[in-house]
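For reference, the structure discussed in these notes is given below.
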Amino acid sequence: LFIFMGDFKNKTFSLNPFDSHSVLTKRDFKKSKNWCHIRLQQRNGRKSLTIIQGLNEKLDVEKITKILKKEFCCNGCILCDVNLGKIIQLQGDQRENVIKFFLEQEIVSRKNLKIHGA
C-alpha cells in the first residue's frame, strides 16, 4: 500500500520501486508551486466525474490512480493533455476522499490544493 511511515524530513523514497531513477525527496512535494485542481464534472443524471489535474510531473500518476481506484472502489483513467499534463478522472464524487488521501500521504500540501464545484 502507498503509506509512508516514520519521519521523512529529507529522506529519499521512490514512488516506483522498479525504477531507480525516480528517487524523490519530500522537498519536491513542498516546492511545487503548481496548483492541484480537484473538480467535479456533472455528467447525465446523477452521474459525475472527479477530475484531478496539476500534480507534480515527478509523481507516478499511474500508481496513484491505481491506489485511488482500489481505495475508493471506483473506476478511473488517466488522460494526457499537451498543456495540462496528466489528468486523473475518477467516477463519482470523490473530492473529499481524494483531498483526505493527498493530505495524509503528503502528495500535495494544503496551500497548493484548489477545490472546484459545489
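A count restricted to the range 72-101 and to residues that are open to solvent by 50 Å² or more (accessible area, probe 1.4 Å), touching a helix residue (DSSP H, G or I) at 6+ places or on another chain (Cβ under 8 Å) and within 18 Å of L113 (Cβ to Cβ) stands at 2. Among the residues of the range 102-118, the ones that are loosely packed, with under 13 Cβ neighbours inside 10 Å and either at pLDDT below 90 or farther than 12 Å from H37 by Cα (or both) come to 4 in all.
The values are calculated or read from the model by the stated rules, or taken from the named source; none is laboratory data. Just so you know, these numbers come straight off a predicted model, no measurement behind them. In this analysis, Cβ positions are derived from the backbone assuming ideal geometry, glycine residues included, and neighbour counts consider all displayed protein chains. Please note that ligands, DNA and RNA were not included when accessible areas were found on the heavy atoms of the full protein model with its side chains. Shrake-Rupley method; radii C 1.70, N 1.55, O 1.52, S 1.80 Å.
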